[in-house]
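To start, the structure under review is shown below, and the notes come after it.
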Amino acid sequence: MVVITYGDVEVEVEEIEWRGGDAWLPLEGLPSAIGWDVRPEGVCAGELCVPLPPGETWWDDETFNLSAFARHIGLTEAADPRRGVIAFGAGPASVDAPDFTLPDLDGNLHSLSEYRGTKVLLHTWGSFCACRFDLPAWQALYDELRSEGLTVVAVAEDAGGAETAGPWIRPSSMEEQYPQPVLDLMGWDPEAWERAAPPEYPCLIDQRHEVSRLYGMVNVPTAVWIDEDGRIVRPPEPAGVSEAFRNLDLATFSMPAEDVETGVALRHRYFDAVRDWVRRGPASPAALPSDEVLRRMGKPSIWGNPARAAAHFRLAETLYRRKDPEAAQEHFAEAARLWPENWAYQRQARQLSDPAMVGELDAGPEFWKSVEARGAGSFYPEVELPDIA
């Protein structure tokens, strides 16, 4: 049995033949496996057909070259033939916010498109990140602005699923889980935190980091602002956070007073920008024109192969769910190697590398070593926000 994954689709096929590194499927099972079939005019799904390019051979009398077809339509592949798993990845998003469907903690499915007609603050986080402590503060902003048309949608980029994300979506104790040193680290002063509460806005779980792939995100927490028509008005950027954490005293878990003040000021500045956008729409200086959104989203990866890395990450997540953590680690590591800019891949891999670390913060020596190895601004690039009167 071989598992083929693409996006949120996962199918099992009885057999695959490997030739020269390419995966060949039985021709007769092609429609049930990938939803396409071979016709005289090419490879087709419904009325859509992809003609066979001159000189190419995608099939013979009995088998179909899935790998060659995938390459032709712009997909990248990661495969583990020995363990029977193949994953495919696609390309980047546009100024129209890509739709997705994900479960909440109870398994109920939610699609981004359900919130069309409201402004959406799409916010990603992970249990491996200190941003897991932020969810109650976003509830305070949601309570303030939902009557004015704001929806907050939080997505846990968390291969551990409900097991690791659940305790932060439904905290058992607001007092014990959110001590003052943590609030100082995250930039939440008493004014911002006084109305904090367990989240009531949609909190979804994305075990494959698909939202990050769709939107080109490389770290958490990351936010995207989406208008009532489903168009991005601020592309992925750090969600009101900075690199002040670099000055954390690891022995006392305390921050210098000036860095605490900087973090608090940034949070207030970010929240003020959200308020202005919600109330003024495109007239807000915080809402970017489409050409600027496209310019910022179009910046290429400096290193690596993001699409292929995403395919390996999906492969790793599938193996992890199949209770094969050792095999999963091979592909988590390969995803991180292929896309070294992607901090979320690195941190997720470390969190799941040891059963004792599952659900814990990625804040050990390897994390600090990786942060120190990269220059300032590499972890959370500075966000350009306008002054809101």
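You can think of it this way: the chain between Ala257 and Arg39 has 71.6 nm of extra reach, that is 0.36 nm per residue less the Cα-Cα gap.
3J(HN,Hα) along segment 234-245, derived from phi through the Karplus expression 6.51 cos²θ - 1.76 cosθ + 1.60 where θ = phi - 60°, amounts to 9, x, x, 7, x, 7, x, 10, 9, 9, 4, 4 Hz, with x in place of Gly and Pro. Label zone (Glu330, point 7 Å along Cα-to-C-beta; backbone nitrogen cut-off 19 Å) within segment 1-21: 1-5, 16-21. Across the chain, the convex hull enclosing all Cα atoms gives 156 Å³ per residue.
The mean sequence distance of close C-alpha pairs (under 8 Å, at least 6 residues apart), as a share of the length of segment 228-346, puts its relative contact order at 21 percent. Reported to the nearest whole Å, the Cα centre-to-centre distance from segment 324-389 to segment 190-266 is 15. FRET efficiency for the Asp249 to Val9 pair, using the beta carbon distance and R₀ = 51 Å, is estimated at 0.60.
Only Lys, Arg, Asp and Glu carry charge here, each on its Cβ (+1 for the first two, -1 for the last two); on that basis the chain has a dipole of about 580 debye about its Cα centre. One chain, two ends: Leu27 and Leu385. Fully extended at 0.36 nm per residue, the span grows by 123.4 nm beyond their Cα-Cα distance. Put simply, the amide H of Gln207, placed in the peptide plane, has neighbours under 5 Å in Asp158, leaving out anything fewer than 5 places away on its chain. Placing dummy labels 7 Å off each Cα toward the beta-carbon, the span from Arg269 to Ser147 is 3.1 nm.
Taking 7 Å steps out from each Cα toward its Cβ at Asp106 and Ala68 produces label points 5.1 nm apart.
For the peptides 74-81, 372-379, residues were scored by their other Cβ atoms within 10 Å and the scores averaged per peptide; the highest-first order is 74-81, 372-379. Applied to segment 254-263, the Karplus parametrisation 6.51 cos²θ - 1.76 cosθ + 1.60 on θ = phi - 60° returns per-residue 3J(HN,Hα) values of 10, 10, x, 4, 5, 6, 4, 4, 5, x Hz, with x for Gly and Pro. Spin-label pair Leu294-Ser173: with each label point 7 Å from Cα along the Cα-Cβ axis, the two points sit 5.4 nm from one another.
Neighbours of Ser113 by Cβ distance under 13 Å: Lys/Arg scored +1, Asp/Glu scored -1, total -3. Helical runs assigned H by DSSP (4 residues or longer) give the chain a calculated mean residue ellipticity at 222 nm of -9500 deg cm²/dmol, each run adding -39500 (n - 2.57) before division by the residue total. Annotation: per residue accessible area for the chain equals 45 Å², rounded to a whole number [probe 1.4 Å, protein chains only]. How much of the accessible area of the chain, in percent, comes from carbon and sulfur atoms when a 1.4 Å probe is used? Percent of accessible area from carbon and sulfur atoms in the chain: 52. Per-residue Karplus couplings for segment 373-384, computed as 6.51 cos²θ - 1.76 cosθ + 1.60 with θ equal to phi - 60°, are listed in order as 6, 10, x, 4, x, 7, 8, 10, x, 5, 9, 8 Hz, Gly and Pro entered as x.
The values are calculated or read from the model by the stated rules, or taken from the named source; none is laboratory data. In this text the structure is predicted, and so the values were computed from the model without any measurement. Neighbour counts are summed over all protein chains in view; Cβ atoms, including those assigned to glycine, are modelled from backbone coordinates with ideal geometry. Remember, those area values only see protein heavy atoms, side chains included, never the ligands or the DNA or RNA. Shrake-Rupley method; radii C 1.70, N 1.55, O 1.52, S 1.80 Å.
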